[in-house]
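The values are calculated or read from the model by the stated rules, or taken from the named source; none is laboratory data. Since the model is a prediction, treat every value here as computed from it, not as a measurement. Virtual Cβ from ideal backbone geometry, glycine too; neighbours counted across all protein chains shown. We work out accessible area using only protein heavy atoms, side chains counted, and drop any ligands, DNA or RNA first. Shrake-Rupley method; radii C 1.70, N 1.55, O 1.52, S 1.80 Å.
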Amino acid sequence: MTPEPTGIFLVCPPGLEPVLADEASEAGFDGVAVVPGGVTIRGGWAEVWRANLTLRGAVRVLAGIGAFRAFHLAQLDKRARKFPWADTLRPDIPVAVEVATNRKSKIYHAGAAQQRIETAIAEELGAPIGPGGVTVRARIDDNLVELSVDTSGKSLHKRGHKVAVGKAPMRETMAAMFLRACGYRGAEPVLDPMCGSGSFVIEAAEIAAGLRPGRGRLFAFERLARFDVDTWTAMREQGVRPQPDLAFYGSDRDAGAFAAARANAERAGIGELVSFRKAAVSEIEPPPGAPGLVIANPPYGGRIGDRKALYPLYAALGRSLRTRFGGWRVGIVTTEAGLAGAMELPFAPPGPPVPHGGLKVRLWQTGPLPAS
């Protein structure tokens, strides 16, 4: 087995770090700590694999592979050439290098630092430099060069089953974190009245079914040195829970959107748990059974259409929820307090701003709504 990572960093959008930390703690990872832009955990390579396979909120998983001091480019070149790249990288797999530095370090030209590290890897390990393999990241801060490898490859929101997407899709990782922030743990129904391509509904159903988010895709760590395929295969094949006695619902006024959502759910293997239909927000009704969570990512101005035209849409959704969804909790992801206010719901103070689609969104949520 290759030497264990010097640390594991779970990347997530700013504002969602505490929610991801909660997920990692619940999943049994050790040393969970919130840092800007993500969460750190402790563990070996098996924990790196498990994080990629099981965590719904991480965008990618970086594994630390070592560090050294460098005060100038000649020193960086020398120490990069002595670094034990073969402990982690394979000579037959392309390596891309990304460098981030700052003015606190004497080496502040990221491009020059990248060229030195690339040359060291190419000449000392013999690996080709370029895309299509694995990525090494170097962070130079206060003259300390910290090296990590991106063990995920493609962003972890790419679960492997979502082909059709809407105009402004909610990424699966973010949908999972907003569900968790609303207190959802897989034991209640979920309804999204503006489901688009179905991210909230599909994530909720997968959580309830105990399906791992990374079960249907490949990861960059499978191309690292001495990757243990037998251990990984055993980890992937561990059993899942039986199908839950729950249903998950999505609706949209765009027939093409919910047809795409249904196809995505079938590919995800949870088609029997979900129900999609065409409906305007003024037409939505609570499904039979116990109340649960209504969660939606409505359009907001600056992304789709004119903001002023959206106030009646939010008002209509709020009216439907106030009059028909007693006992249900509500979570709304939007950019503007005014849009949320148009719903006339008893929202708690909103969550922190989270970058999404070039804007900052917040989660607005209620407790159980009173009966009308």
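Here the sum of -39500 (n - 2.57) over DSSP H runs of 4 or more residues, divided by the residues of the chain, equals -8000 deg cm²/dmol at 222 nm, to the nearest 500. Filter Lys158/Lys308; Lys82/Lys154; Lys78/Lys104 down to the pairs with a C-alpha to C-alpha distance above 23 Å, please. Violating the 23 Å Cα-Cα cut-off are Lys158/Lys308; Lys82/Lys154.
In the context of the full set of protein chains, the chain has a per residue accessible area of 43 Å² (1.4 Å probe). A straight Cα-to-Cα reach below 13 Å connects Lys106 with the aspartates and glutamates Asp141, Asp142, residues fewer than 8 places away in its own chain not being considered.
Quick one: net charge of Leu20's neighbours, Cβ under 14 Å, K/R +1, D/E -1? Here the count lands on -1. Taking the 1.4 Å solvent-accessible surface of the chain as the whole, the part contributed by carbon and sulfur is 53%. The aspartates and glutamates within cross-link reach of Lys278, meaning a Cα-to-Cα straight distance under 15 Å and a gap of 8 or more places when in the same chain, are Asp192, Asp252, Asp254.
Each Cα pair under 8 Å and six or more residues apart adds its separation to the average, and for the range 1-151 the resulting relative contact order is 25 percent.
Within the chain, the longest run free of chymotrypsin sites (Phe, Trp or Tyr not before Pro) that sit in a DSSP loop with at most 14 other Cβ atoms within 10 Å is 109-372. With contacts taken as Cα pairs under 8 Å and at least 6 residues apart, the chain reaches a relative contact order of 14 percent.
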